[in-house]
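**Student:** After the structure tokens below, expect a handful of questions from me.
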Amino acid sequence: MKKSIFKLLSILTLVGFVFTSCIVEDDENSPTSSFQLNPSDFKGQINDGEVILNAGTIYKLTGRLQVNAGATLTIPAGTKIEGVGGTASFIAISQGGKININGTATNPVIMTSGLPTKAPGDWGGLVICGKAPINRVTGGASTAQSEVAELTYGGAVANDNSGTIRYLRLEYCGAAFNSEKEFNGLSLFGVGSGTTVEFVQTFHGADDGFEFFGGTVNTSNLVAFGNEDDQFDWTEGWNGTNTNWYGKISFGKGNRGIEADNFELGFTNTPFSNPTINNLTLVGPGSTAASTTYPENDALKLRRGTRGLFNNVVVSGWADGFDVEHDESIAVVGTSLKANNVTFSDVNRKSTGRTTVVPPATAGVSADVSAVFTETTTATGSGNGVITPTWATGWTIGL
């Protein structure tokens, strides 16, 4: 009898342990956010906790998905998100929110069109708003509203952290509504240096590939291919250190490899746009491409007071290599606006400059800006000259 009771107590103890263990395990794996995740109708506001997607599920982005302060969206390697709601479908990260994209070279995260016939502008793109300085008001601590998503960005937190993005492909997004409002592939509004952005491709977008609106974010290993306006664009006092950029125009559209401003309404506003870009390749449509197809065939358009330092640059297939405009940028040519070790091929004019328009004149005066670059025949650019760099193989498309 005593043995039977002992056995019964042992069994009950074991059952209780297993039951308790299951409860603990369920608690550990339970969702930490109140957000209701619906893969077939992926939209809404993530207001708290962390939402972790499942790599084995295709998420249909039907509208605006917004990650608010204190919340995190985590996307594992191999996840696919398909925009199906036009430019009403986009992902926006608010100040204080975070996005972690954990793709790999063999299994990138893909955000693309979910429409049967894919085309530029099928969905909005990815918008991130941080608390780092912008220069819409001199001094750098001002804030503003993003041109899409209407979210606050800017501030005084230079090392602000909006998350980590690695091995991401953005396809068929972007759209230009007017001169003041446009979706890009990846729009970075006042994003801080605590944010990681590396190994990202923007492909066949309807406007710019990457655009920086102020901030201090650093990047590496970016690919912009076939976007219908500029492959890379910056304004509002962006400062960042960058390595390995590869940009290429295709599909019969696109203007420039890089379009760079300080701020269009304040050419001397501070902090000045002043990034450093090491290892840069820009491949254009050809030095004699039809102007009606490529209206402004410039590898680098540097204007409105921007600064910038470029090292190890390959420029191929452009009417103009370096096009520098406005007095405030021309004044720093050869010092804080300079490209070292540039190799040109199939470029009609290596540099061209034009001063600020002084009314009643309708155009600026030509200026010698040849000091903007030093030339070499051995630059490697992003790695392989005009050829796709080895670091971009496997996870990108179209190259």
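The values are calculated or read from the model by the stated rules, or taken from the named source; none is laboratory data. Here the structure is a predicted model, which is why all the values come from computation and not from measurement. Cβ: placed from backbone, ideal geometry, glycine included. Neighbour counts: every protein chain shown. Accessible surface is based on the protein model in full, side chains and every heavy atom, while ligands, DNA and RNA are left aside. Shrake-Rupley method; radii C 1.70, N 1.55, O 1.52, S 1.80 Å.
**Student:** How big is Rg to Rh over the range 79-127, alpha-carbon atoms, Rh as the Kirkwood inverse-mean-distance radius?
**Tutor:** Working: Rg = 12.1 Å, Rh = 12.0 Å.
Rg/Rh: 1.01.
**Student:** Estimate the FRET efficiency between residue 159 and residue 41 by the formula 1/(1 + (r/R0)^6), using the beta-carbon distance for r and 35 Å for R0, to the nearest 0.05.
**Tutor:** Computed FRET efficiency for residue 159 and residue 41: 0.45.
**Student:** First measure r as the distance between the Cβ atoms of residue 331 and residue 250, then evaluate 1/(1 + (r/R0)^6) with R0 = 41 Å and state the FRET efficiency to the nearest 0.05.
**Tutor:** Working from the Cβ atoms, E equals 0.70.
**Student:** Continuing with this model, one more query. Counting Lys and Arg as +1 and Asp and Glu as -1, each charge on the Cβ, what is the dipole of the range 253-382 about the Cα centre in debye, to the nearest 20?
**Tutor:** Values: 10 positive and 13 negative charges, 26 e Å.
For the range 253-382, the charge dipole is close to 120 debye.
**Student:** What whole-number distance in Å separates the alpha-carbon centres of the range 73-114 and the range 229-272?
**Tutor:** Distance between centres, Cα-based: 23 Å.
**Student:** At a probe radius of 1.4 Å, what is the per-residue accessible area of residue 366, in Å² to the nearest 10?
**Tutor:** Accessible surface of residue 366 is approximately 80 Å².
**Student:** Jot down the radius of gyration and Dmax of the range 278-399, Cα atoms only, both in angstrom.
**Tutor:** 15.3, 54
**Student:** Residue separation times 0.36 nm, minus the C-alpha to C-alpha distance between residue 241 and residue 378: what's the value? Working shown, then result.
**Tutor:** Details: separation 137, 0.36 × 137 = 49.32 nm, distance 2.28 nm.
Difference between extended and current length: 47.0 nm.
**Student:** Continuing with the same structure: Binning at 10 angstrom from zero up to the longest distance, how are the C-alpha pair distances of the range 340-389 distributed in percent?
**Tutor:** P(r) over the range 340-389, rounded to whole percents: 22, 36, 23, 15, 4.
**Student:** To continue, here is another question. What does DSSP give for the range 159-227 in terms of the percent of beta bridges that are antiparallel, rounded to the nearest 5?
**Tutor:** Approximately 15 percent, going by the DSSP bridge assignments.
**Student:** Still on this structure, I have one more. Output the pairs from 80/131; 60/80; 301/338 with a Cα-Cα distance over 18 Å in this structure; if there are none, say none.
**Tutor:** Pairs exceeding the cut-off: 80/131.
**Student:** Are there GluC sites (Glu not before Pro) in the range 113-216 that DSSP marks as loop and that have at most 13 other Cβ atoms within 10 Å, and which are they?
**Tutor:** 150, 180
**Student:** Sticking with this one: Tell me, what is a quarter of the convex hull surface for the C-alpha atoms of the chain, in nm² with one decimal?
**Tutor:** 23.5 nm²
**Student:** R0 = 45 Å: FRET efficiency of residue 365 with residue 145, Cβ-based, nearest 0.05?
**Tutor:** For R0 = 45 Å, the calculated efficiency reads 0.75.
**Student:** What is the range 120-223 by shape, rounded, prolate or oblate, if you read a ≥ b ≥ c off the alpha carbon gyration tensor as root eigenvalues and call it rounded for a/c under 1.5, prolate for a/b larger than b/c, and oblate otherwise?
**Tutor:** It is oblate, given that a/c is not under 1.5 and a/b is not larger than b/c.
**Student:** Still on this model: For the range 159-305, build the charge dipole from Cβ charges (+1 Lys, Arg; -1 Asp, Glu) around the Cα centre, then report which of 265, 185, 284 sits farthest towards its positive end.
**Tutor:** With unit charges placed on the Cβ atoms, the residue in question is 284.
**Student:** Compute the angle between helix 2-29 and the longest alpha-carbon principal axis of the chain, please, reported from 0 to 90 degrees and rounded to the nearest 10.
**Tutor:** Between the helix axis and the principal axis of the chain, the angle is about 20 degrees.
**Student:** Taking the solvent-accessible surface of protein heavy atoms with a 1.4 Å probe, what is the per residue accessible area of the range 57-165 in Å²?
**Tutor:** Solvent-accessible surface per residue comes out at 32 Å².
**Student:** Roughly how big is the range 180-229's charge dipole about its Cα centre, with Cβ charges of +1 (Lys, Arg) and -1 (Asp, Glu), in debye to the nearest 20?
**Tutor:** Numbers: 1 positive and 8 negative charges, 49 e Å.
So the magnitude is around 240 debye.
**Student:** Report the Stokes-Einstein translational diffusion coefficient (µm² s⁻¹, integer) for the range 214-335, Rh taken as the Kirkwood radius over Cα pairs, at 20 °C with viscosity 1.002 mPa s.
**Tutor:** Reported coefficient: 150 µm²/s.
**Student:** Quick one: dipole size for the chain, taken about the Cα centre, charges +1 on Lys/Arg Cβ and -1 on Asp/Glu Cβ, in debye to the nearest 20.
**Tutor:** Magnitude of the dipole: close to 1100 debye.
**Student:** Scale the Cα Rg of the range 65-195 by the rule-of-thumb value 2.2 N^0.38 Å and send over the ratio, two decimals.
**Tutor:** After normalising by residue count via 2.2 N^0.38 Å, the value is 1.05.
**Student:** I've got another one for you. Could you state the per residue volume, in Å³, of the convex hull enclosing the Cα atoms of the range 277-346?
**Tutor:** Considering the Cα atoms of the range 277-346, their hull volume per residue is 76 Å³.
**Student:** Past 18 Å, Cα to Cα, is the threshold; run 43/181; 43/98; 181/253 against it and keep the listed order.
**Tutor:** From 43/181; 43/98; 181/253, over 18 Å: 43/181; 181/253.
**Student:** How many nm separate the modelled label positions at residue 345 and residue 118, each set 7 Å beyond the Cα in the direction of the Cβ?
**Tutor:** 2.8 nm
**Student:** Simple spin-label model, 7 Å along Cα-to-Cβ: residue 48 to residue 138 in nm?
**Tutor:** Result: 4.6 nm between the two label points.
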